[in-house]
Amino acid sequence: MRFKSLSLVCILIVIAGRPAITGAQTLNHNKKQDNTVKIGLLIPDKEALAAKHGAELAIRKANEAGGKWTYQLVVRSTEGPWGAGSKESVSMVFEDEVVAIMGSLDGRNAHLAEQVATKTRIAFLSSWATDMTLSQAFVPWYFRCIPNDHQQATSLVQEIYHKRKINNVATIATEAYDSRHAASTFVKVASSLNIAAPRQFIYGPSGMDLPEILTAVEKHGTGAIVLFGDPEFASEIIPLLKQRGMNQRIFGTLAVADGQKASSPDWNTMEGIILVSPGHWFTAEGKAFQKEFYKTFGYQPGAAAAYAYDGINVIIGVIKRAGTDRDRIIEAFVETNHKSGITGDIQFDVNGNRSGCASLMTIRKGNPYILAED
């Protein structure tokens, strides 16, 4: 509560003195004349190019297709002192005059952006943060196009405990906000199903080091390890597991295989791992997206790029249906039924979460495969 209270005070200070904007006033006279519609994108730092590239490709294709509107992407970074996410979100609303905001952010910064959206009544779509508490705020104009922590945990729990009958499980998470929340949700999902609680390990300065963790995993006869972290964490721990000859089955969330950097996923490092899948590796639309993305940017798009691409296309679809009035945009979001998503069909439940289940994939001979093929 203290975190939310302090951040809300900061947001109110930033917003104070700004003129109120109603839905009908979203675009000024000049913008109405040239039919340019601005869509905001928040990224964690200037090096986080994957989501930016995915969003840019979606904007480019929409403009090439023609239509009533010309779309312009406004990109702002939340790097800097704590609270920068609030400042940049407010600037997008009042200075850039965007009609909707998409955030490819971690959970902490997504909370700040969500609170700005709450106060300014602008639709906010999260394409990366999976923290469950974002949708538990019950903000009617918050939406998420990526499976949340609960959806990812449910798929992993079903695969590990029910399908593979592995009961002795360990979770290894980094100290990062998103990693800890994802690991905690996994434990809660397992507990809700009356499954034996997994052993939990935190890797980092205030936790244990990797050799110590792996020794404990071996000592307890663990059958499966679930990783919660980023690709850098995975590339550090997975080779160490192999060096020690450990044969536990390894699982991971979406974030384990891909981050925000402009680089291809390292499938060779991930060999044999079972991961939550973004889906774009296996659909016809996804394969076409990969080809065009690689041609444009020179690397294979991972999950962050794919969800950003889908997210912008969802926003564009909403604008096409609702126009630029922000209240109508919020109403149109609720009715979204995006059938051409490269990560699958996109609809939202009553809390703004993406409907449906998270699918799984495995890495074999340096390539991703739908898990059913394993």
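A few remarks follow.
- Some residue of the stretch 327-336 being polar (S, T, N, Q), at pLDDT 95 or above and either part of a loop (DSSP other than H, G, I, E, B) or over 28 Å from Ala262 (Cβ atoms) (or both): yes
- Residue within the stretch 48-66 that is under 20 Å from Arg328 (Cα atoms) and either outside any helix (DSSP H, G or I) or in the same structural domain as Asn313 (by TED's automatic domain parsing) (or both) present: no
- Cβ-Cβ under 7 Å pairs, at least 6 apart or on other chains, the stretch 263-285 side within 19 Å of Gln152 (Cα to Cα), far side part of a loop (DSSP other than H, G, I, E, B): Val276/Pro147; Val276/Thr253; Val276/Ala358; Pro278/Thr343; Gly279/Thr343; Gly279/Gly344; His280/Ile342; His280/Thr343
- Qualifying residue in the stretch 264-271 (condition: over 15 Å from the mean Cα position of the chain (by Cα), under 26 Å from Phe297 (Cβ atoms) and buried (at least 20 other Cβ atoms within 10 Å of the Cβ)): yes
- Test set (1) among the small types (Gly, Ala, Ser); (2) modelled with pLDDT of 95 or more; (3) not assigned by TED's automatic domain parsing to the domain that holds Thr36 - Ser340 fails condition number: (2)
- Residues of the stretch 180-199 that are without any contact (Cβ under 8 Å) to a residue 40 or more places away in the chain and surrounded by 18 or more Cβ atoms within 10 Å (Cβ to Cβ): Val187, Val189, Ala190, Pro198.
- When residues of the stretch 91-131 are limited to those that are more than 23 Å from Ala332 (Cα to Cα) and of a type in the set (A, V, I, L, M, F, W, C), the one surrounded by the most Cβ atoms within 10 Å (Cβ to Cβ): Leu112
- Restricting attention to the stretch 242-287, the residues that are more than 23 Å from Ser340 (Cα to Cα), out of contact with any strand residue (DSSP E or B) (no Cβ under 7 Å at 6 or more places or on another chain) and outside any loop (DSSP other than H, G, I, E, B) add up to 3.
- Any hit, the stretch 330-339, residues being farther than 28 Å from Val74 by Cα, of a type outside the set (S, T, N, Q) and either touching a strand residue (DSSP E or B) at 6+ places or on another chain (Cβ under 9 Å) or surrounded by fewer than 22 Cβ atoms within 10 Å (Cβ to Cβ) (or both): no
- Members of the stretch 29-52 found to be buried (at least 16 other Cβ atoms within 10 Å of the Cβ), modelled with pLDDT under 95 and farther than 13 Å from Ala308 by Cα, listed by number: Lys31, Pro44
- Flag if Phe289 is modelled with pLDDT of 95 or more, farther than 30 Å from Lys119 by Cα and of a type outside the set (S, T, N, Q): yes
- The one condition in (1) out of contact with any Pro (no Cβ under 8 Å at 6 or more places or on another chain); (2) crowded, with 20+ Cβ neighbours inside 10 Å that Arg321 fails to fulfil: (2)
The values are calculated or read from the model by the stated rules, or taken from the named source; none is laboratory data. Keep in mind it's a predicted model, so treat the numbers as computed, not measured. Note that each Cβ is placed from the backbone with ideal geometry, even for glycine, and that neighbours are counted across all protein chains shown.
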